[in-house]
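The values are calculated or read from the model by the stated rules, or taken from the named source; none is laboratory data. Computed from a predicted model, the values in this text were never measured in an experiment. Heads up, the Cβs are rebuilt from the backbone with ideal geometry, glycines too, and the neighbour counts pull from every protein chain shown. Note: accessible area is taken over every heavy atom of the protein model, side chains too, but ligands, DNA and RNA are not part of it. Shrake-Rupley method; radii C 1.70, N 1.55, O 1.52, S 1.80 Å.
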Amino acid sequence: MYFMKPPPSNQFLCRAYLVQAQLLAPTATIPEQLEKAVVYLVKAISFAKENPRYHLCSPLFVYSSTCIA
């Protein structure tokens, strides 16, 4: 539902990417699903990396995404 409209580019977008990856990962017995989960993880990490405002949060997002994977 969050992705039905273009979401605002803020920390909640990054968190939504992490949640989406987490939803896809447990059912990733099919390689395509795992690839989709990894895409959302990469989006979250690159979002936090590109925005200077979230550089302090970036290690947290990276840690969260590695725990999910």
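Some notes on this structure:
- Single residue of segment 15-26 satisfying the filter (outside any loop (DSSP other than H, G, I, E, B) and open to solvent by 90 Å² or more (accessible area, probe 1.4 Å)) that is nearest to ALA48 (Cα to Cα): ARG15
- Some residue of segment 1-14 being assigned to a helix (DSSP H, G or I), in contact (Cβ under 8 Å) with a residue 40 or more places away in the chain and open to solvent by less than 40 Å² (accessible area, probe 1.4 Å): yes
- The residues on offer are PRO59, PRO7, and the sole one that is modelled with pLDDT of 75 or more and not small (Gly, Ala, Ser) is PRO7.
- Failed condition for THR29, given (1) part of a loop (DSSP other than H, G, I, E, B); (2) surrounded by 10 or more Cβ atoms within 10 Å (Cβ to Cβ): (2)
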